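Participant: Take this structure first; my questions come after.
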Amino acid sequence: MGKSLTHKIIEEHLVSGQVEPGKEIAIRVDQTLTQDATGTMAYLQFEAMGIPRVRTKLSVSYADHNMLQTGFENADDHRFLQSIAAKYGIYFSRPGNGICHQVHLERFSSPGDTLLGSDSHTPTSGGAGMLAIGAGGLDVAVAMAGGSFYLNMPKIVGVHLRGRLQPWAAAKDIILELLRRLTVRGGVGKIFEYFGEGVASLSVPERGTITNMGAELGATTSVFPSDERTREYFHVQKRDEQWRPLAADAGANYDEVIEIDLDKLGPMVARPQSPDNVVPIGEVEGTKLAQVCIGSCTNSSFHDLSVTAAILKGRKVHPELSMTVTPGSRQVFTMIARTGALADLIDAGARILESACGPCIGMGQAPPTGGASLRTFNRNFPDRSGTPNDRVYLASPEVAAVSALQGCIADPRKWGTPPHVVEPAELIIDDGLILPPAPDGESVEILRGPNIKPLPIAQPLAETIRAPVLVKLGDNISTDTILPAGSKVLPLRSNIPAISEYVFHYVDAEFPKKAKEAGASIIVGASNYGQGSSREHAAIAPMYLGVRAVLAKTYARLHHTNLVNFGILPLTFAREGDYDRISVGDQLEIPDVRNAIGSGEVTVRNITQGYEFTARHNLTERQVAILLEGGLLNYVKARAG
Ligand code: MIC
Ligand code: SF4
């Protein structure tokens with residue numbers, strides 16, 4: 001039986017474990033990336049490990065999220081990141097150089113290598129044949145220190161792409177179609193590997209759109225083969241020598257296979273407030289729009305912006321809406337300036353934003369109250385845009401551009417012939433905003449602003465947990481709900497005491513106060529608890545407020561690991577009915593938990609209601625040991641000697 005590409009890469013990087021679904025494996029990490037909203041914590045953690053220089057082949061620190069400088073915090077954090085990168089052997093991509101995933105794909109992706117990034121959309125580089133996985137900052141810090149990355153071996157899903165995309169259908173529609181079929185939980189514990197004749201018709205940035213948004217399926221990662229299209233991409237990036245061919249064996253063995261017939265795929269739209277709330281465009285056509293935003297790490301390539309410009313050329317954005325365009329990288333920005341596409345966008349009345357995450361993470365451009373926003377982004381979780389009860393739709397740049405002209409969601413197939421965008425034969429390559437590390441880090445001084453507060457350290461698991469339930473939540477709660485981002489909160493990422501005041505802000509603004517008063521507390525979640533981002537702050541801040549355990553039906557991979565890394569016990573209900581029985585305010589007791597945890601089951605007493613139930617966990621032995629020691633940092637330090 002032939003091997004999948006994923007198996008080949010994992011086997012090449014295997015440090016320990018058996019490559020069988022569900023078994024814990026450890027893999028070697030070739031490259032790491034961090035961004036500024038997760039990076040400050042990751043580097044504080046790296047510093048705490050006392051290692052003089054990173055031990056990866058390549059580590060890059062990006063400044064792309066925290067770009068609004070309405071106070072000193074973000075500027076200070078960027079200065080900190082720049083100095084720490086110089087000291088510890090890390091490349092620093094300065095503010096203005098672009099969104100981490102877009103820049104990484106362009107300048108650093110490397111087929112067949114592994115990449116661990118402190119951002120959930122790290123799988124974007126899977127578009128160039130990397131095994132690229134999102135993780136919490138602490139896991140990335142451990143990888144920078146030379147440690148392996150541990151994960152439960154996922155199932156491999158082969159996605160067979162048949163045919164080719166028809167006019168007006170886009171790469172975005174492929175991933176939206178998968179979200180429609182599988183939902184935001186459908187990819188948990190899985191890696192999606194693309195194959196079939198349809199692959200060759202997709203460029204690397206188009207593949208990047210698909211692997212990027214595989215994160216919304218809950219997938220561990222997604223990967224494309226490295227083929228002739230990949231070679232062309234490396235050639236225009238003037239990185240020919242970094243390309244190598246990679247593919248699955250003929251007749252490769254997949255745990256599951258999904259077929260997508262590209263010939264039959266039309267434009268799709270995700271409705272508010274979940275990326276899997278997907279319908280064919282006909283079902284939402286005519287929805288009046290207050291805003292259209294093009295950009296984010298999902299759709300901000302030269303092709304995406306050039307298609308948009310060609311549609312808008314000689315026309316004006318509808319007067320009742322506001323349109324923004326964000327180039328994903330300085331390279332894209334420069335190229336659209338040279339080809340004239342930028343002038344067409346400006347003429348049409350689009351608001352041009354700097355190369356950064358921007359509106360995708362609520363850093364400006366919150367839509368008006370009640371107004372619908374159509375975005376080419378990857379997430380439309382509640383309140384993420386910065387407007388309470390927001391109505392955010394997700395679609396391709398083609399749909400967004402045509403809709404921007406018409407003032408409502410419009411089917412481009414009824415609008416006219418798709419523009420033909422010619423990819424430039426030569427790109428302007430200028431890595432001037434990527435600073436290499438100092439050759440001798442020892443003399444570099446780390447510049448710390450007053451926003452950077454010391455890391456709180458978790459406590460070893462208690463003998464007995466006795467605590468009230470402070471909040472009870474429904475399915476698919478994202479980390480945006482646990483700890484919002486946006487322009488007010490993001491600048492506090494290096495300051496846990498300050499950011500913890502925003503935990504569950506939109507669910508119960510009193511949560512931080514109640515948690516501090518209670519001293520110890522428990523969160524109750526339902527299915528796919530903690531989906532979405534890699535932000536470990538959604539674990540650190542609750543830990544800081546005294547949250548000791550979470551009880552949920554199932555967890556998203558990244559958040560589950562982050563909870564363990566910061567000493568919060570993630571339990572599951574043995575019987576789902578026990579979820580229904582429990583109420584906010586109930587006092588729970590988990591007796592003798594340090595001993596009981598080894599068996600995989602613990603007894604929970606609901607003291608308020610007077611009954612007992614069983615809770616389980618799916619922690620590996622290593623994770624149990626981490627919890628007993630009070631988090632990964634304590635665990636690593638104890639083993640370092
Ligand atoms: C996101 O898209 O939610 C973010 C902001 O990029 C996060 C990282 C963070 O919260 O800093 C992610 O996707 O991991
Ligand atoms: Fe930035 Fe949005 Fe991409 Fe997250 S999803 S990395 S916030 S552009």
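Participant: Within region 496-611, which strands (runs of 3 or more DSSP E) (wholly inside it) include 1 or more residues that are acidic (Asp, Glu) and within 16 Å of ligand 2 (Cβ to nearest atom)?
Facilitator: Qualifying strands (runs of 3 or more DSSP E): none found.
Participant: May I pose another question? Would you pick out the residues in region 570-585 that are among the acidic types (Asp, Glu) and surrounded by 18 or more Cβ atoms within 10 Å (Cβ to Cβ)?
Facilitator: ASP578, the sole residue that qualifies.
Participant: Before we move on, is THR209 more than 16 Å from ligand 2 (Cβ to nearest atom) and surrounded by 24 or more Cβ atoms within 10 Å (Cβ to Cβ)?
Facilitator: no
Participant: Restricting attention to region 255-268, does a residue exist that is in contact with a helix residue (DSSP H, G or I) (Cβ under 6 Å, 6 or more places away or on another chain) and at positive phi?
Facilitator: no
Participant: Is there a residue in region 176-191 that is open to solvent by less than 10 Å² (accessible area, probe 1.4 Å), assigned to a helix (DSSP H, G or I) and within 16 Å of ligand 2 (Cβ to nearest atom)?
Facilitator: Taking every residue of region 176-191 in turn, at least one turns out to be open to solvent by less than 10 Å² (accessible area, probe 1.4 Å), assigned to a helix (DSSP H, G or I) and within 16 Å of ligand 2 (Cβ to nearest atom).
Participant: Here's another thing I want to ask about it. Just a yes or no: is a residue in region 265-284 among the hydrophobic types (A, V, I, L, M, F, W, C), farther than 23 Å from ARG181 by Cβ, in contact (Cβ under 8 Å) with a residue 60 or more places away in the chain and in contact with a strand residue (DSSP E or B) (Cβ under 9 Å, 6 or more places away or on another chain)?
Facilitator: Looking through region 265-284, none of the residues is among the hydrophobic types (A, V, I, L, M, F, W, C), farther than 23 Å from ARG181 by Cβ, in contact (Cβ under 8 Å) with a residue 60 or more places away in the chain and in contact with a strand residue (DSSP E or B) (Cβ under 9 Å, 6 or more places away or on another chain).
Participant: Separate question: Which one of the conditions (1) within 29 Å of the chain's Cα centre (by Cα); (2) over 16 Å from ASN152 (Cβ atoms); (3) modelled with pLDDT under 95 does ASN618 fail to meet, given that it meets all the rest?
Facilitator: Of (1) within 29 Å of the chain's Cα centre (by Cα); (2) over 16 Å from ASN152 (Cβ atoms); (3) modelled with pLDDT under 95, only one is false for ASN618: (2).
Participant: Sticking with this one: Give the residue that is nearest to ligand 1 (Cβ to nearest atom), with candidates limited to residues of region 335-383 that are basic (Lys, Arg) and part of a strand (DSSP E or B).
Facilitator: Filtering region 335-383 for residues that are basic (Lys, Arg) and part of a strand (DSSP E or B), the one nearest to ligand 1 (Cβ to nearest atom) comes out as ARG375.
Participant: Among GLU24, GLU20, which is out of contact with any Phe, Trp or Tyr (no Cβ under 9 Å at 6 or more places or on another chain) and closer than 25 Å to VAL188 by Cα?
Facilitator: Working: GLU24 fails: out of contact with any Phe, Trp or Tyr (no Cβ under 9 Å at 6 or more places or on another chain).
Checking each option against the conditions leaves just GLU20.
Participant: Also, I was wondering about something else. Can you say whether GLY386 is within 16 Å of ligand 1 (Cβ to nearest atom), open to solvent by 30 Å² or more (accessible area, probe 1.4 Å), out of contact with any Leu (no Cβ under 6 Å at 6 or more places or on another chain) and under 14 Å from SER487 (Cβ atoms), as far as the supplied structure shows?
Facilitator: Yes; evaluated as a whole, the condition is true for this residue.
So that you can scan it fast, the table gives a plain yes or no per residue for (1) at pLDDT 95 or above; (2) in a loop (DSSP other than H, G, I, E, B):
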residue	(1), (2)
SER385	yes, yes
ALA400	yes, no
SER403	yes, no
ARG413	yes, no
GLY416	no, yes
PRO424	no, yes
LEU427	yes, yes
ASP431	yes, yes
ALA438	yes, yes
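Participant: Only residues that are closer than 21 Å to THR417 by Cα and open to solvent by less than 40 Å² (accessible area, probe 1.4 Å): list them for region 311-334, please.
Facilitator: Matches in region 311-334: ILE311, LEU312, VAL317.
Participant: With a cut-off of at least 3 residues that are touching a residue at least 40 places away in the same chain (Cβ under 8 Å) and open to solvent by 10 Å² or more (accessible area, probe 1.4 Å), name the helices (runs of 4 or more DSSP H) lying wholly within region 47-146.
Facilitator: Result: 72-88.
Participant: Taking the criterion of being within 16 Å of ligand 2 (Cβ to nearest atom) and in contact (Cβ under 8 Å) with a residue 60 or more places away in the chain, would at least one residue in region 464-478 satisfy it?
Facilitator: Step one: of region 464-478, the residues within 16 Å of ligand 2 (Cβ to nearest atom) are 478.
From the residues that got through so far, the ones that are in contact (Cβ under 8 Å) with a residue 60 or more places away in the chain too are 478.
Scanning region 464-478 turns up at least one residue that is within 16 Å of ligand 2 (Cβ to nearest atom) and in contact (Cβ under 8 Å) with a residue 60 or more places away in the chain.
Participant: What is the one condition in (1) within 19 Å of HIS560 (Cα to Cα); (2) in a strand (DSSP E or B) that PRO468 does not satisfy?
Facilitator: (1) is the only condition that PRO468 fails.
Participant: Quick one: VAL325 ticks every box in (1) out of contact with any Cys (no Cβ under 9 Å at 6 or more places or on another chain); (2) more than 14 Å from ligand 1 (Cβ to nearest atom) except a single one, so which number is it?
Facilitator: Of the numbered conditions (1) out of contact with any Cys (no Cβ under 9 Å at 6 or more places or on another chain); (2) more than 14 Å from ligand 1 (Cβ to nearest atom), the odd one out for VAL325 is (1).
Participant: Return yes or no: is LEU632 in contact with an Asp or Glu (Cβ under 8 Å, 6 or more places away or on another chain), modelled with pLDDT of 95 or more and open to solvent by less than 20 Å² (accessible area, probe 1.4 Å)?
Facilitator: Yes: the conditions hold for LEU632.
Participant: Tell me which residues, restricted to region 450-475, are under 27 Å from the mean Cα position of the chain (by Cα) and open to solvent by less than 40 Å² (accessible area, probe 1.4 Å). Walk me through it before giving the result.
Facilitator: Pass one, region 450-475, residues under 27 Å from the mean Cα position of the chain (by Cα): 451-458, 471-475.
Listed by number, the residues that qualify are ASN451, ILE452, LEU455, PRO456, ALA458, VAL471, LEU473, GLY474.
Participant: Does GLY364 satisfy the criteria of being within 21 Å of the chain's Cα centre (by Cα) and at positive phi?
Facilitator: For GLY364, the condition - within 21 Å of the chain's Cα centre (by Cα) and at positive phi - is met.
Participant: Evaluate region 319-342: report whether one residue or more is in contact with an Asp or Glu (Cβ under 6 Å, 6 or more places away or on another chain), within 14 Å of ligand 2 (Cβ to nearest atom) and of a type in the set (A, V, I, L, M, F, W, C).
Facilitator: There is no residue in region 319-342 that is in contact with an Asp or Glu (Cβ under 6 Å, 6 or more places away or on another chain), within 14 Å of ligand 2 (Cβ to nearest atom) and of a type in the set (A, V, I, L, M, F, W, C).
Participant: Being more than 14 Å from ligand 2 (Cβ to nearest atom) and hydrophobic (A, V, I, L, M, F, W, C) is the filter; apply it to region 349-365 and report the residue that is surrounded by the fewest Cβ atoms within 10 Å (Cβ to Cβ).
Facilitator: ILE352
Participant: Here's a follow-up. Do any strands (runs of 3 or more DSSP E) entirely within region 221-300 hold 2 or more residues that are under 23 Å from the mean Cα position of the chain (by Cα) and within 16 Å of ligand 2 (Cβ to nearest atom), and if so, which?
Facilitator: Ranges flagged: 221-223, 291-294.
Participant: Suppose we filter ALA425, ALA395 for residues that are away from ligand 2 (no atom under 16 Å from the Cβ) and touching a residue at least 12 places away in the same chain (Cβ under 8 Å); which single one remains? Can you show your working first?
Facilitator: Values: ALA395 fails: away from ligand 2 (no atom under 16 Å from the Cβ).
After applying the criteria, what remains is ALA425.
Participant: Can I ask one more? Taking region 586-601 as the region of interest, how many residues are touching a residue at least 12 places away in the same chain (Cβ under 8 Å) and either open to solvent by 50 Å² or more (accessible area, probe 1.4 Å) or closer than 21 Å to LEU473 by Cβ (or both)?
Facilitator: Qualifying residue count for the region: 8.
Participant: On the basis of being among the aliphatic types (A, V, I, L, M), modelled with pLDDT under 95, more than 28 Å from ARG379 (Cβ to Cβ) and in contact with a helix residue (DSSP H, G or I) (Cβ under 9 Å, 6 or more places away or on another chain), does VAL444 make the cut?
Facilitator: No: the conditions fail for VAL444.
Participant: Hey, does region 161-171 have a residue that's within 23 Å of ASP255 (Cβ to Cβ), assigned to a strand (DSSP E or B) and open to solvent by 20 Å² or more (accessible area, probe 1.4 Å)?
Facilitator: yes
Participant: Looking at LEU619, LEU627, which one is open to solvent by less than 30 Å² (accessible area, probe 1.4 Å) and assigned to a loop (DSSP other than H, G, I, E, B)?
Facilitator: LEU619
The values are calculated or read from the model by the stated rules, or taken from the named source; none is laboratory data. Nothing here was measured: the structure is a model prediction, and the numbers come from that model. In this analysis, Cβ positions are derived from the backbone assuming ideal geometry, glycine residues included, and neighbour counts consider all displayed protein chains. What goes into the accessible areas is simple: the full protein's heavy atoms, side chains included, and nothing from ligands, DNA or RNA. Shrake-Rupley method; radii C 1.70, N 1.55, O 1.52, S 1.80 Å.
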